[in-house]
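See below for the structure under consideration.
The values are calculated or read from the model by the stated rules, or taken from the named source; none is laboratory data. Worth saying up front: this structure is predicted, and the values here are computed from it rather than measured. Using ideal geometry, Cβ is built from the backbone for each residue, glycine included, and neighbour counts are taken over all protein chains shown. Side chains are part of the model used for accessible areas, which takes the heavy atoms of the whole protein and leaves out ligands, DNA and RNA. Shrake-Rupley method; radii C 1.70, N 1.55, O 1.52, S 1.80 Å.
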Amino acid sequence: MAKKKVDKKIRISDEERRLLEIFKDIDENMKKFVEKQIINLAWYTISIEDLQQSIDEVGTVVEYNNGGGQSGLKDNPDVKTLIAYQKHVNTIVNQLVSLVPPSQAKSKLMELMNE
């Protein structure tokens with residue numbers, strides 16, 4: 001478990017560096033806001049990767065047993081979390097792209113999408 005946490009921290013740091021490079025030319029007045037959003041975006045991006053891997057391994061439906069004699073199948077809660085995280089990512093990306101001049105917005109968006 002500890003190794004996975006360390007690995008995730010490294011992956012998040014790598015993603016932060018990638019994103020910071022994309023937005024390195026942002027207006028100085030917006031730097032702090034952008035950096036905070038990039039930290040959030042990096043965390044969500046790596047968490048989404050982990051959720052996708054978990055869903056691929058476990059499936060979209062999981063077994064449950066509540067101990068009271070009830071058992072069966074239910075939706076994998078990771079799917080709901082994944083959808084929520086993806087919405088957060090979309091919001092952050094839209095905020096970040098809106099901060100760059102219109103002439104650069106498309107190229108910045110393409111850089112964000114290229115991994």
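Evaluate the stretch 56-70: report whether one residue or more is polar (S, T, N, Q) and within 13 Å of the chain's Cα centre (by Cα). No: the stretch 56-70 contains no residue that is polar (S, T, N, Q) and within 13 Å of the chain's Cα centre (by Cα).
Within the stretch 23-48, the set of residues being under 16 Å from the mean Cα position of the chain (by Cα) and touching a residue at least 24 places away in the same chain (Cβ under 8 Å) comprises Val34, Gln37, Ile38, Asn40, Leu41, Ala42, Trp43, Tyr44, Thr45, Ile46, Ser47, Ile48. Note on the stretch 76-108: residues that are within 15 Å of the chain's Cα centre (by Cα) and open to solvent by 60 Å² or more (accessible area, probe 1.4 Å) amount to 9. Figure legend. Inter-residue proximity from the stretch 68-83: first residues closer than 14 Å to Gln53 by Cα, second residues β-branched (Val, Ile, Thr) and open to solvent by 80 Å² or more (accessible area, probe 1.4 Å), beta-carbon distance below 8 Å, spacing 6+ or different chains. Indicated pairs: Asn76/Val58; Asn76/Thr60; Asp78/Val58; Val79/Thr60. Picking from residues in the stretch 1-20 that are modelled with pLDDT under 90 and charged (D, E, K, R), the one that is farthest from Gln104 (Cα to Cα) is Lys3.
Of everything in the stretch 12-40 that is polar (S, T, N, Q) and open to solvent by 50 Å² or more (accessible area, probe 1.4 Å), the residue that is nearest to Met113 (Cα to Cα) is Asn40.
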